[in-house]
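Worksheet: one structure, shown below.
The values are calculated or read from the model by the stated rules, or taken from the named source; none is laboratory data. Everything quoted here is computed from the prediction, not taken from an experiment. Here the Cβ positions follow ideal geometry from the backbone for every residue, glycine too, while neighbour counts run over all protein chains shown. What goes into the accessible areas is simple: the full protein's heavy atoms, side chains included, and nothing from ligands, DNA or RNA. Shrake-Rupley method; radii C 1.70, N 1.55, O 1.52, S 1.80 Å.
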Amino acid sequence: MCRVIAVANQKGGVSKTTTSINLGVGLVKLGKKVALVDADPQGHLTMGLGFPKNVRVTLKNMMENIIMGIEFDPKEAILSHKEGVDVIPANKLLTGMDMSLLTAEDREKVLREYLELLEDDYDYIIIDCMPSLGMLTINALSAADSVLIPVQPQYYAADGLTELLKVVKGIKHRFNPELEIEGILFTMDSSRYNNSKRNKQAVKAAYGAEMRIFEQSIPRSEAIAETASEGISIFAYDNRSKGAKSYAELAQEVVNHA
Ligand code: ADP
Ligand code: MG
(Lines give C-alpha, C1' and ligand atoms only; values in the text may rest on other atoms or scores of the structure.)
(Ligands and ions follow the chains in the order given, each with its own letter.)
Protein backbone atom coordinates (compact mmCIF):
# COMPACT_ATOMS: atom_id res chain seq x y z
CA MET A 1 0.00 0.00 0.00
CA CYS A 2 1.26 3.42 -0.95
CA ARG A 3 1.26 6.25 1.57
CA VAL A 4 1.09 9.78 0.15
CA ILE A 5 2.62 12.45 2.39
CA ALA A 6 2.29 16.17 1.63
CA VAL A 7 5.06 18.31 3.12
CA ALA A 8 3.30 21.62 3.67
CA ASN A 9 3.58 24.97 5.39
CA GLN A 10 2.53 28.21 3.70
CA LYS A 11 5.61 29.82 5.15
CA GLY A 12 8.64 29.82 2.83
CA GLY A 13 12.07 28.77 3.99
CA VAL A 14 11.01 26.36 6.73
CA SER A 15 12.77 23.38 5.09
CA LYS A 16 9.86 21.77 3.17
CA THR A 17 11.97 21.01 0.12
CA THR A 18 15.02 19.92 2.09
CA THR A 19 12.84 17.65 4.21
CA SER A 20 11.04 16.17 1.18
CA ILE A 21 14.36 15.24 -0.39
CA ASN A 22 16.05 13.85 2.71
CA LEU A 23 13.03 12.06 4.11
CA GLY A 24 12.59 10.53 0.65
CA VAL A 25 16.16 9.28 0.45
CA GLY A 26 15.97 8.21 4.11
CA LEU A 27 12.99 6.01 3.23
CA VAL A 28 14.86 4.54 0.24
CA LYS A 29 17.63 3.57 2.67
CA LEU A 30 15.02 1.66 4.66
CA GLY A 31 14.21 -0.34 1.53
CA LYS A 32 11.14 1.63 0.45
CA LYS A 33 10.19 2.63 -3.08
CA VAL A 34 9.78 6.39 -3.11
CA ALA A 35 8.61 9.06 -5.55
CA LEU A 36 9.06 12.78 -4.86
CA VAL A 37 6.62 15.20 -6.46
CA ASP A 38 7.71 18.79 -7.00
CA ALA A 39 4.48 20.77 -6.56
CA ASP A 40 6.17 24.17 -6.43
CA PRO A 41 6.67 26.30 -9.59
CA GLN A 42 9.98 27.42 -8.08
CA GLY A 43 11.23 23.93 -8.92
CA HIS A 44 13.56 23.81 -5.92
CA LEU A 45 13.16 20.08 -5.37
CA THR A 46 13.91 19.42 -9.04
CA MET A 47 17.00 21.61 -9.00
CA GLY A 48 18.03 20.54 -5.51
CA LEU A 49 18.40 17.01 -6.87
CA GLY A 50 20.51 18.25 -9.76
CA PHE A 51 17.95 18.16 -12.57
CA PRO A 52 17.82 21.05 -15.05
CA LYS A 53 15.01 23.56 -14.72
CA ASN A 54 14.11 23.27 -18.39
CA VAL A 55 13.35 19.55 -18.07
CA ARG A 56 10.89 18.67 -20.84
CA VAL A 57 8.07 16.72 -19.20
CA THR A 58 6.88 17.93 -15.81
CA LEU A 59 4.05 17.67 -13.33
CA LYS A 60 2.30 20.42 -15.28
CA ASN A 61 1.99 18.20 -18.38
CA MET A 62 0.71 15.31 -16.29
CA MET A 63 -1.96 17.44 -14.61
CA GLU A 64 -2.98 18.98 -17.94
CA ASN A 65 -3.52 15.53 -19.39
CA ILE A 66 -5.83 14.71 -16.49
CA ILE A 67 -7.73 18.01 -16.85
CA MET A 68 -8.23 17.49 -20.58
CA GLY A 69 -9.01 13.81 -20.30
CA ILE A 70 -6.21 12.84 -22.67
CA GLU A 71 -4.78 9.31 -22.60
CA PHE A 72 -1.15 9.43 -21.54
CA ASP A 73 1.73 7.54 -20.00
CA PRO A 74 1.78 8.60 -16.33
CA LYS A 75 5.44 7.56 -16.04
CA GLU A 76 6.58 9.85 -18.81
CA ALA A 77 7.50 12.61 -16.34
CA ILE A 78 9.51 10.40 -13.99
CA LEU A 79 13.21 11.10 -13.56
CA SER A 80 15.47 8.67 -11.70
CA HIS A 81 17.97 10.05 -9.23
CA LYS A 82 21.17 8.13 -8.56
CA GLU A 83 20.29 7.83 -4.86
CA GLY A 84 17.28 5.70 -5.71
CA VAL A 85 14.37 8.15 -5.53
CA ASP A 86 12.13 8.88 -8.49
CA VAL A 87 11.23 12.51 -9.13
CA ILE A 88 8.27 14.13 -10.86
CA PRO A 89 9.80 17.50 -11.65
CA ALA A 90 8.41 21.01 -11.92
CA ASN A 91 9.52 24.41 -13.11
CA LYS A 92 8.07 27.86 -13.49
CA LEU A 93 5.62 26.69 -16.16
CA LEU A 94 3.65 25.19 -13.27
CA THR A 95 2.75 28.76 -12.28
CA GLY A 96 -0.24 28.78 -14.63
CA MET A 97 -1.67 25.64 -13.04
CA ASP A 98 -3.45 27.50 -10.24
CA MET A 99 -5.47 29.32 -12.94
CA SER A 100 -6.08 26.23 -15.09
CA LEU A 101 -7.37 24.42 -12.04
CA LEU A 102 -9.91 27.11 -11.25
CA THR A 103 -12.07 26.11 -14.20
CA ALA A 104 -11.29 22.38 -14.21
CA GLU A 105 -13.85 19.77 -13.32
CA ASP A 106 -13.18 18.29 -9.85
CA ARG A 107 -10.47 20.87 -9.59
CA GLU A 108 -9.33 19.84 -6.11
CA LYS A 109 -8.68 16.26 -7.20
CA VAL A 110 -6.58 16.57 -10.35
CA LEU A 111 -3.28 15.73 -8.63
CA ARG A 112 -4.93 12.91 -6.73
CA GLU A 113 -6.17 11.39 -10.01
CA TYR A 114 -2.66 11.55 -11.39
CA LEU A 115 -0.98 10.03 -8.34
CA GLU A 116 -3.49 7.19 -8.30
CA LEU A 117 -1.94 6.10 -11.59
CA LEU A 118 1.46 5.77 -9.88
CA GLU A 119 0.52 4.35 -6.50
CA ASP A 120 1.05 0.70 -7.39
CA ASP A 121 4.74 1.37 -8.01
CA TYR A 122 5.62 3.06 -4.71
CA ASP A 123 5.55 2.63 -0.95
CA TYR A 124 5.71 6.39 -0.40
CA ILE A 125 4.90 9.40 -2.55
CA ILE A 126 6.10 12.66 -1.01
CA ILE A 127 4.68 15.95 -2.30
CA ASP A 128 6.82 19.05 -1.79
CA CYS A 129 4.28 21.89 -1.55
CA MET A 130 4.72 25.52 -2.52
CA PRO A 131 4.68 28.27 0.12
CA SER A 132 1.01 29.21 -0.26
CA LEU A 133 -2.38 27.70 0.35
CA GLY A 134 -3.55 28.05 -3.28
CA MET A 135 -5.11 25.45 -5.58
CA LEU A 136 -1.91 23.44 -6.01
CA THR A 137 -1.49 23.00 -2.29
CA ILE A 138 -5.18 22.18 -1.94
CA ASN A 139 -4.65 19.53 -4.63
CA ALA A 140 -1.70 18.15 -2.68
CA LEU A 141 -3.71 17.95 0.54
CA SER A 142 -6.62 16.34 -1.29
CA ALA A 143 -4.27 13.71 -2.70
CA ALA A 144 -2.46 12.99 0.56
CA ASP A 145 -2.99 10.41 3.27
CA SER A 146 -1.18 12.70 5.65
CA VAL A 147 0.51 16.05 5.96
CA LEU A 148 3.94 16.57 7.48
CA ILE A 149 4.48 20.12 8.72
CA PRO A 150 8.04 21.44 9.02
CA VAL A 151 8.25 24.23 11.59
CA GLN A 152 11.19 26.37 12.52
CA PRO A 153 11.17 26.89 16.27
CA GLN A 154 10.76 30.66 16.12
CA TYR A 155 8.72 32.89 18.33
CA TYR A 156 5.60 33.02 16.14
CA ALA A 157 5.74 29.40 15.00
CA ALA A 158 2.67 28.33 16.94
CA ASP A 159 0.68 31.27 15.54
CA GLY A 160 1.44 30.52 11.91
CA LEU A 161 0.17 26.98 12.24
CA THR A 162 -3.40 28.01 12.98
CA GLU A 163 -4.16 29.00 9.39
CA LEU A 164 -2.62 25.86 7.93
CA LEU A 165 -4.50 23.61 10.33
CA LYS A 166 -7.75 25.37 9.44
CA VAL A 167 -7.17 24.59 5.76
CA VAL A 168 -6.27 20.99 6.58
CA LYS A 169 -9.53 20.64 8.52
CA GLY A 170 -11.49 22.16 5.63
CA ILE A 171 -9.96 19.76 3.11
CA LYS A 172 -10.56 16.82 5.40
CA HIS A 173 -14.19 17.81 5.76
CA ARG A 174 -14.90 18.52 2.10
CA PHE A 175 -12.63 16.42 -0.07
CA ASN A 176 -10.47 13.99 1.84
CA PRO A 177 -11.98 12.55 5.04
CA GLU A 178 -8.98 10.22 5.56
CA LEU A 179 -6.43 13.05 5.73
CA GLU A 180 -4.28 12.85 8.86
CA ILE A 181 -1.56 14.99 10.33
CA GLU A 182 1.62 12.94 9.97
CA GLY A 183 3.29 15.23 12.45
CA ILE A 184 4.99 18.49 13.20
CA LEU A 185 8.72 18.41 12.52
CA PHE A 186 11.05 20.96 14.04
CA THR A 187 13.63 22.00 11.45
CA MET A 188 16.71 24.21 11.51
CA ASP A 189 16.73 23.62 15.22
CA SER A 190 19.42 25.17 17.37
CA SER A 191 18.39 23.42 20.54
CA ARG A 192 21.41 24.61 22.47
CA TYR A 193 19.69 28.00 22.50
CA ASN A 194 17.13 28.55 25.20
CA ASN A 195 14.76 30.46 22.98
CA SER A 196 14.59 27.54 20.54
CA LYS A 197 13.70 25.28 23.46
CA ARG A 198 11.06 27.72 24.65
CA ASN A 199 9.51 28.02 21.19
CA LYS A 200 9.34 24.25 20.79
CA GLN A 201 7.68 24.09 24.17
CA ALA A 202 5.08 26.66 23.02
CA VAL A 203 4.21 24.58 19.93
CA LYS A 204 3.99 21.43 22.05
CA ALA A 205 1.72 23.15 24.54
CA ALA A 206 -0.55 24.45 21.77
CA TYR A 207 -0.72 21.33 19.56
CA GLY A 208 0.94 18.38 21.29
CA ALA A 209 -2.36 17.03 22.56
CA GLU A 210 -4.09 16.91 19.16
CA MET A 211 -1.23 15.81 16.91
CA ARG A 212 2.09 14.05 16.85
CA ILE A 213 5.25 16.06 17.19
CA PHE A 214 8.18 14.03 15.90
CA GLU A 215 10.68 13.01 18.57
CA GLN A 216 13.47 13.74 16.17
CA SER A 217 14.09 17.32 15.16
CA ILE A 218 16.42 18.39 12.36
CA PRO A 219 19.40 20.49 13.44
CA ARG A 220 20.45 23.66 11.69
CA SER A 221 23.52 22.53 9.80
CA GLU A 222 25.90 23.94 7.26
CA ALA A 223 26.17 20.52 5.62
CA ILE A 224 22.42 20.37 5.02
CA ALA A 225 22.45 23.89 3.57
CA GLU A 226 25.17 22.88 1.13
CA THR A 227 23.46 19.80 -0.29
CA ALA A 228 21.09 21.74 -2.60
CA SER A 229 23.84 23.13 -4.81
CA GLU A 230 25.39 19.65 -5.05
CA GLY A 231 22.18 17.99 -6.25
CA ILE A 232 22.41 15.29 -3.58
CA SER A 233 20.92 14.35 -0.23
CA ILE A 234 22.63 14.80 3.12
CA PHE A 235 23.25 11.02 3.07
CA ALA A 236 25.42 11.29 -0.04
CA TYR A 237 26.99 14.54 1.17
CA ASP A 238 28.05 13.24 4.57
CA ASN A 239 26.46 10.05 5.79
CA ARG A 240 27.95 10.45 9.26
CA SER A 241 26.76 13.99 9.84
CA LYS A 242 24.20 14.90 12.47
CA GLY A 243 21.87 15.97 9.66
CA ALA A 244 22.02 12.53 8.03
CA LYS A 245 21.40 10.82 11.35
CA SER A 246 18.42 13.04 12.09
CA TYR A 247 16.79 12.39 8.70
CA ALA A 248 17.45 8.63 9.06
CA GLU A 249 15.72 8.75 12.43
CA LEU A 250 12.81 10.75 10.99
CA ALA A 251 12.37 8.19 8.19
CA GLN A 252 12.25 5.45 10.82
CA GLU A 253 9.58 7.34 12.79
CA VAL A 254 7.50 7.74 9.62
CA VAL A 255 7.78 4.02 8.86
CA ASN A 256 6.90 3.05 12.43
CA HIS A 257 3.82 5.23 12.30
CA ALA A 258 2.24 3.56 9.26
P1 ADP B 1 11.16 25.65 1.90
O2 ADP B 1 11.02 24.56 0.89
O3 ADP B 1 10.24 25.49 3.07
O4 ADP B 1 11.06 27.01 1.30
P5 ADP B 1 13.98 24.94 1.93
O6 ADP B 1 14.03 23.47 2.15
O7 ADP B 1 14.15 25.41 0.52
O8 ADP B 1 12.62 25.54 2.54
O9 ADP B 1 15.05 25.61 2.88
C10 ADP B 1 15.25 27.02 2.87
C11 ADP B 1 16.75 27.32 2.94
O12 ADP B 1 17.26 26.85 4.18
C13 ADP B 1 17.56 26.62 1.86
O14 ADP B 1 18.59 27.46 1.46
C15 ADP B 1 18.09 25.38 2.54
O16 ADP B 1 19.31 24.94 1.98
C17 ADP B 1 18.27 25.85 3.97
N18 ADP B 1 18.06 24.78 4.96
C19 ADP B 1 17.04 23.90 4.99
N20 ADP B 1 17.14 23.07 6.05
C21 ADP B 1 18.28 23.45 6.71
C22 ADP B 1 18.94 22.97 7.90
N23 ADP B 1 18.49 21.95 8.62
N24 ADP B 1 20.09 23.62 8.26
C25 ADP B 1 20.57 24.66 7.55
N26 ADP B 1 19.99 25.13 6.43
C27 ADP B 1 18.86 24.54 6.01
MG1 MG C 1 10.47 24.66 -1.14
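So the values come out like this:
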item	result
Cα-Cα over 28 Å, subset of LYS92/LYS242; LYS82/LYS172; LYS53/LYS204; LYS16/LYS109; LYS53/LYS169; LYS60/LYS245	LYS92/LYS242; LYS82/LYS172; LYS53/LYS204; LYS53/LYS169; LYS60/LYS245
Antiparallel DSSP beta bridges within the chain, percent to nearest 5	5
Residue with peak Gaussian network fluctuation, the chain [Cα springs, cutoff 10 Å], from THR103, THR46, THR17	THR103
Candidates ASN176, ASN91, ASN195: whichever shows maximal mean-square fluctuation once the chain is modelled as a Gaussian network with Cα springs under 10 Å	ASN195
Alpha-carbon Rg/Rh ratio, for the chain, with Rh computed the Kirkwood way	0.95
Amide H partners (placed H, <5 Å) of ILE126, local residues excluded	ILE5, ALA35, LEU36, VAL37
Chymotrypsin sites (Phe, Trp or Tyr not before Pro) restricted to DSSP loop in region 112-157 with at most 16 other C-beta within 10 Å	TYR155, TYR156
CD proxy at 222 nm, helix term only [per DSSP H run n ≥ 4: -39500 (n - 2.57); per residue of the chain; nearest 500]	-13000 deg cm²/dmol
With DNA, RNA and ligands ignored, accessible area of HIS257 (1.4 Å probe; Å², nearest 10)	70
Positive dipole terminus of the chain, leading residue within ILE234, ILE78, VAL168 (C-beta point charges)	ILE234
Carbon/sulfur fraction of accessible area - region 1-120, other protein chains in place, 1.4 Å, %	49
Accessible area of region 152-258 belonging to carbon and sulfur atoms, whole % at 1.4 Å probe	47
Accessible surface, per residue, of the chain when the full set of protein chains is kept, probe 1.4 Å, Å²	47
Summed residue charge, Cβ within 11 Å of THR137's Cβ, Lys/Arg positive, Asp/Glu negative	-3
The chain: most fluctuating residue of GLN152, GLN201, GLN216 per GNM, C-alpha cutoff 10 Å	GLN201
Contact order normalised by residue count of region 3-256, Cα under 8 Å, 6+ apart, percent	28
